[in-house]
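Novice: I'd like to ask you about the structure that follows.
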Amino acid sequence: MTLPTLPEREGPRPETGPELPHLQLSQTSPPQIREELRQWMATTLPGITTGHSEVSTSSTWAVFLGRNNPAPEALLFPPRWDAEFVHLHADGSLHLALDPGDHARFLASGWGEKHPLHDRGINVVMLYAPRDRAELAVAERVIAASYRYATGHAPDTTTAAA
């Protein structure tokens with residue numbers, strides 16, 4: 001397990017779409033928060049590459065392992081299963097691969113939900129869009145856990161937002 005203890009998310013769960021693409025329809029991220037999150041991922045996660053998602057809409061910005069090898073037990077996104085481990089939608093929501101041992105605790109925290117294909121063997125959960133800087137810091141912690149699961153080692157998160 002790689003997920004740190006998370007505070008319970010405040011407020012009601014956002015509305016999300018039930019089919020693919022799985023998007024968040026309410027409580028989306030302000031553009032500045034979304035850009036800060038993208039910049040944080042691009043500068044804090046070592047050895048990654050970024051680009052268009054291989055599994056989502058063309059506007060979806062994805063993070064790939066790049067020069068990192070996947071951890072032996074990591075099950076990442078299709079179609080390659082060993083490269084893309086997180087992507088950011090235009091609404092600010094993210095899909096990411098987490099250690100399966102962390103799924104129940106993550107879902108119980110109120111910060112996200114299962115992807116529609118989760119029960120079909122796809123190791124992907126949705127992290128709700130951060131609405132402010134406090135939620136941005138929580139999102140960074142969850143993304144760091146996804147990186148740790150994907151690579152087997154922790155990123156340097158000392159540059160994370162406070």
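Novice: Considering only G112, A154, L127, whose Cα is most displaced toward the positive end of the charge dipole of the chain, charges sitting on Cβ of Lys, Arg (+1) and Asp, Glu (-1)?
Specialist: A154
Novice: Let me ask something else. Within the set of other residues whose C-beta is less than 15 Å from the C-beta of P79, count the net charge using Lys and Arg as +1 and Asp and Glu as -1.
Specialist: Value of the local net charge: -1.
Novice: Here is a follow-up. Can you quote the Å³ per residue value for the convex hull of the Cα atoms in the stretch 113-157, rounded to an integer?
Specialist: Hull volume over Cα atoms, normalised by residue count, gives 60 Å³.
Novice: While we're here: Could you tell me which of rounded, prolate or oblate describes the stretch 58-157, using a ≥ b ≥ c as the square roots of the eigenvalues of the alpha-carbon gyration tensor, with rounded for a/c under 1.5 and, failing that, prolate when a/b is larger than b/c and oblate otherwise?
Specialist: Rounded, because the longest to shortest axis ratio a/c is under 1.5.
Novice: Taking only protein heavy atoms into account and a 1.4 Å probe, give the accessible area per residue of the chain in Å².
Specialist: That works out to 46 Å² for each residue.
Novice: For all pairs of alpha-carbon atoms in the stretch 1-132, what percent lies in each bin of width 5 Å, listed from the first bin to the last filled one?
Specialist: Binned Cα distances yield the sequence 2, 10, 20, 24, 24, 15, 4, 0.
Novice: How big is the dipole moment of the chain about its Cα centre under a simple scheme where the beta carbon of each Lys and Arg is +1, that of each Asp and Glu is -1, and everything else is neutral? Debye, nearest 20, please.
Specialist: Taking the Cα centre of the chain as origin, the dipole is about 120 debye.
Novice: Same structure again: Within a Cβ distance under 11 Å of A150, other residues only, what is the Lys/Arg minus Asp/Glu net charge?
Specialist: -3
Novice: If you take the charge dipole of the stretch 1-135 about its Cα centre, with +1 on Lys and Arg Cβ and -1 on Asp and Glu Cβ, which of H52, P7, P100 is farthest toward its positive end?
Specialist: It is H52.
Novice: Also, quick follow-up: Measuring from label point to label point, each 7 Å out along Cα→Cβ, what is the T43 to N69 span in nm?
Specialist: 3.1
Novice: Please report, as a whole percent, how much of the solvent-accessible surface of the chain comes from carbon and sulfur atoms (probe radius 1.4 Å).
Specialist: The nonpolar share, carbon plus sulfur, comes to 54 percent.
The values are calculated or read from the model by the stated rules, or taken from the named source; none is laboratory data. What you are looking at is a predicted structure, and each value in this text was computed from that prediction instead of being measured. A quick note on method: Cβ atoms are made from the backbone with ideal geometry, for glycine too, and the neighbour counts reach across all protein chains shown. To get the accessible areas, we keep the full protein, side chains included, count just its heavy atoms, and leave off ligands, DNA and RNA. Shrake-Rupley method; radii C 1.70, N 1.55, O 1.52, S 1.80 Å.
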